[in-house]
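Asks: Starting off with a structure, shown below.
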Amino acid sequence: MGQPIGGGSLNYEPPIHDFSESLAWSHTQEDAPWWETVYRSAFPGVAAIVSTRKDGWAQRAGIDRVITLNSGKVIKVDEKCRRKDYPDFALERWSDEAKQIPGWVQKPLDCDFIAYAFVQSGLCYLLPALLLQRAWRQFGRDWIKNYQEVRAQNKNYVTVSIAVPRDVVLDAIRECIIIPFSPEPVA
């Protein structure tokens with residue numbers, strides 16, 4: 001299930017993070033036409049796709065996009081983009097390490113999915129947010145021990161992510177959809 005630190009392909013230098021440069025690149029991606037292609041392919045009957053990127057309740061709740069289906073169902077999505085085609089998902093453990101502000105993988109979110117896009121390869125993974133966070137609670141300590149920590153130095157704070165191989169995360173989510181229980185005898 002992936003290679004731990006020292007295993008070769010997952011070792012890469014943590015980026016020097018220029019927040020304003022990253023934010024500018026992120027803004028170039030938020031209205032990219034491929035997002036609509038992704039959502040129309042993933043969700044049959046899309047009636048509307050609305051960006052919620054302006055600061056407000058939606059942003060603070062982890063919602064970048066609201067998709068409304070013809071049925072009236074609303075799907076809320078947090079979007080993550082990576083320029084390069086890394087073999088992992090960078091799961092944000094700490095948004096601000098010094099202040100111990102939880103990152104998106106462990107803080108309460110109101111989104112249904114994390115749309116995790118690798119722009120270079122044109123792949124987007126729709127990760128169910130609640131199951132991903134359950135997988136983090138169940139396996140996060142092992143992931144912290146076994147996989148690369150990525151420290152992003154911002155102007156006044158450090159963001160810390162764990163680079164967990166894609167297959168490891170997907171296997172963990174798959175494991176989290178099965179809930180064992182002990183049946184009680186029916187009286």
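The values are calculated or read from the model by the stated rules, or taken from the named source; none is laboratory data. Keep in mind it's a predicted model, so treat the numbers as computed, not measured. Neighbour counts run over all protein chains shown; Cβ positions are idealised from the backbone, glycine included. Heads up: the accessible areas ignore ligands, DNA and RNA and are worked out on the full protein's heavy atoms, side chains in. Shrake-Rupley method; radii C 1.70, N 1.55, O 1.52, S 1.80 Å.
Asks: If I take every Cα pair under 8 Å that is 6 or more residues apart in segment 104-186, average their sequence separation and divide by the length, what percent do I get for the relative contact order?
Replies: 22 percent
Asks: For the chain, what does -39500 (n - 2.57) per DSSP helix run (n ≥ 4), summed and divided by total residues, give at 222 nm, in deg cm²/dmol to the nearest 500?
Replies: Mean residue ellipticity, 222 nm, calculated: -9000 deg cm²/dmol.
Asks: Enumerate the calculated ³J(HN,Hα) couplings along segment 69-81 in order (Karplus 6.51 cos²θ - 1.76 cosθ + 1.60, θ = phi - 60°), each rounded to whole Hz, writing x wherever the residue is Gly or Pro.
Replies: Whole-Hz 3J(HN,Hα) from phi for segment 69-81: 8, 4, 6, x, 4, 10, 10, 9, 10, 9, 9, 10, 10.
Asks: For segment 110-187, build the charge dipole from Cβ charges (+1 Lys, Arg; -1 Asp, Glu) around the Cα centre, then report which of Trp143, Val168, Gln133 sits farthest towards its positive end.
Replies: It is Trp143, whose Cα lies furthest towards the positive end.
Asks: If you don't mind, another one. The list (i) -0.31, -0.46, -0.75; (ii) -0.36, -0.53, -0.84; (iii) -0.40, -0.58, -0.86 gives values of log10 I(q)/I(0) by the Debye sum over Cα atoms at q = 0.09, 0.11, 0.14 Å⁻¹, and only one came from this structure; which label was calculated from it?
Replies: (ii)
Asks: Now for a separate question. Keeping every protein chain in place, order Arg141, Arg151 by accessible area at 1.4 Å, biggest value first, i.e. largest first.
Replies: Final ranking, largest accessible area leading: Arg141, Arg151.
Asks: Suppose the Debye formula is applied to equal point scatterers at every Cα of segment 80-187; what is log10 I(q)/I(0) at q = 0.11 Å⁻¹?
Replies: Once normalised to I(0) and log-transformed, intensities are -0.38.
Asks: Please state the relative contact order of the chain as a whole percent: Cα pairs under 8 Å, 6+ residues apart?
Replies: Value for the chain: 23 percent.
Asks: Any idea what the dipole of the chain comes to, in debye rounded to 20, about its Cα centre with Lys/Arg Cβ at +1 and Asp/Glu Cβ at -1?
Replies: It comes to approximately 220 debye.
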